[in-house]
Amino acid sequence: MTEAAGEATAASGPGDAADATAGGERARRLAKVAALRARGVDPYPVRFDRTHTSAEVLEHWGHLETGVESGDVVRVAGRVVLLRRMGKLTFATVRDGSGTLQLFVSLAVLGDDGFAAFDDLDLGDWVGAVGTVMKTRKGELSVKVDEWCLLAKAVRPLPDKWHGLSDTDTRFRQRYVDLIANEDARRIFAVRFAVIATVREFLRDRRFVEVETPVLHEQAGGAAARPFTTHHHALDLPLSLRIALELHLKRLLVGGMERVFEIGRVFRNEGLSTRHNPEFTMLECYEAFADYTDMMTLTEELVAECARVATGGTVVDVDGVTVDLTPPWPRRPMLDLIEEHAGVRVHPGDPVTDLEAACDRAGVPREVGWGPGKLVLELYEKAVEPNLTGPVFVLDYPREVSPLARTHRDDPELVERFEAVVLGRELANAFSELTDPVDQRERFEAQARLAAAGDDEAHGVDDDYVRALEFGLPPCGGLGIGIDRLVMLVAGVQSIREVILFPHLRPEVGDDAGAGPLA
């Protein structure tokens, strides 16, 4: 068989997972592990001294002409993802963290035993190889192998090359296999890592200091959400996992740190959906002597920069919908948007009966006892927000539903708050921050009354935070961005599970829920 034909032939033979059930294939590979050990070969050696990644080989020797050997020897390593056996030659594609590289394996170079051992490899095995960089007659940059070793024997087969790993539950539950099998999964997480790195660089360039604040809180606060609770035995103290980063970061502004940010995990004991995971990543940043107009500029510039760095431009596509993230973004008051989309002019100062009637006419479900601010918010969230493609800043929320935001300078029933909305969902939330300790305590007490009445997303009074405000919090603006939703937008995906490496799922059931004994 010619080299050209060999390079176009998919892997076959005993290493092809399609030839056996997963259980039978696992048993066959475990027998190989036992045979290797019987011959004195360690199938899981301790280390391998690599000199070049696949990307580095391509960068340094990609200029080679077809059919030329460089004379340069490299040590490379990776997982075998494709095998093409063709008599006295075998071509193996190995993947490392930087990309893929072909190994050119010859019977004439390795001898009978070395070549036979290489041909006994299975897809998924990790190998290290030492050899000369060359370019084949087909123009494939390769390493002509002089010696090789097994680095880790895979005892479970990879997904079929042509069908990949398509079951979504398996993809999210076994992310390690998803990353092996699916190029798009690797792309999405490359976007995620680029976005997080860009956020840090963007804020540091603007003199923000990155800090770390506690994950365990005595008093949940900073958001309307049900917390996870635990107990500290040494202190005999009930604690909550944080639901937001806000209150500790603003304490730091009281202490004189004028620009701070944190990228941290927060935890909310809520349901699972395409937009919600109980454990997720937030960016929060706070700037002294700024207000929510400054936070709008910061938001649109930050999001656009993340898109540029991660994808090369500011136009993203999500399921066929194109969104241009180039600043400036439109700024629209919430009450104007309600009038535009629901056909009714409302205000939190209106009588509750009028607002209830407006919700009923718009087909927006409501509950008895809701206040005017809650009714206005519900009207917006159900009748308006899903229809906003964006990006757009939705401004000036009801005071009743925004207990940490400053009262609007022009309307005491509203606060200086915005949400950035893209494709019908919240991307960012920001305020001109409330700095008046008396006002803040009154709002906390109102939330505490809701909690006492059974609202498990409302919280009590954070006395220490009020005490901090009494020492003086300067005028400031604050911003929160859900990193996972930002990555969803930039990567062009619709489910939050696509952008979290290990999302929470229901417990696994079935025969494969546990690995079982290896022998």
Output for the range 310-322, where each listed residue is among the β-branched types (Val, Ile, Thr) and in contact with a Gly (Cβ under 7 Å, 6 or more places away or on another chain): Val316, Val318
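So which residues in the range 43-59 are in contact (Cβ under 8 Å) with a residue 12 or more places away in the chain and closer than 15 Å to Arg75 by Cα?
Of everything in the range 43-59, those that are in contact (Cβ under 8 Å) with a residue 12 or more places away in the chain and closer than 15 Å to Arg75 by Cα turn out to be Phe48, Asp49, Arg50, Thr51, His52, Thr53, Ser54, Ala55, Glu56, Val57, Leu58.
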Yes/no for Met334 being out of contact with any helix residue (DSSP H, G or I) (no Cβ under 9 Å at 6 or more places or on another chain) and surrounded by 14 or more Cβ atoms within 10 Å (Cβ to Cβ): no
Restricting to the range 417-453, name every residue that is over 33 Å from the mean Cα position of the chain (by Cα) and more than 15 Å from Ser402 (Cβ to Cβ). Pro437, Val438, Arg441, Glu445, Ala448, Arg449, Ala452, Ala453
Taking Val303 as the residue in question, decide whether it is within 17 Å of the chain's Cα centre (by Cα), within 18 Å of Val195 (Cβ to Cβ) and at pLDDT below 95. no
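Each row is one residue, and each column tells you yes or no for (1) in a strand (DSSP E or B); (2) farther than 25 Å from Leu239 by Cβ.
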{"site": "Asp439", "(1), (2)": "no, yes"}
{"site": "Glu442", "(1), (2)": "no, yes"}
{"site": "Gln447", "(1), (2)": "no, no"}
{"site": "Ala458", "(1), (2)": "no, no"}
{"site": "Tyr465", "(1), (2)": "no, no"}
{"site": "Ala468", "(1), (2)": "no, no"}
{"site": "Gly478", "(1), (2)": "yes, no"}
Could you look through the range 207-217, keep only residues that are free of Cβ contacts under 8 Å to residues at least 60 places away in the same chain and assigned to a loop (DSSP other than H, G, I, E, B), and pick out the one that is farthest from Gly454 (Cα to Cα)? Arg207
Quick test of your reading of the structure: Tyr286 fulfils all but one of (1) assigned by TED's automatic domain parsing to the domain that holds Glu426; (2) exposed (fewer than 15 other Cβ atoms within 10 Å of the Cβ). Name the failing condition by number. (2)
The helices (runs of 4 or more DSSP H) lying wholly within the range 315-397 that contain at least 1 residues that are under 26 Å from Thr293 (Cα atoms) and either among the hydroxyl-bearing types (Ser, Thr, Tyr) or outside the structural domain of Gly424 (by TED's automatic domain parsing) (or both) are 334-342, 372-383
In the range 409-434, which residues are surrounded by fewer than 19 Cβ atoms within 10 Å (Cβ to Cβ) and assigned to a loop (DSSP other than H, G, I, E, B)? Arg409, Asp410, Asp411, Pro412, Glu413, Gly424
For the range 291-314, which positions are in a loop (DSSP other than H, G, I, E, B), touching a helix residue (DSSP H, G or I) at 6+ places or on another chain (Cβ under 8 Å) and surrounded by 15 or more Cβ atoms within 10 Å (Cβ to Cβ)? Thr314
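The values are calculated or read from the model by the stated rules, or taken from the named source; none is laboratory data. For clarity, every value in this text was computed on a predicted model and none was experimentally measured. Backbone-built Cβ (ideal geometry, glycine too); neighbour counts: all protein chains shown.
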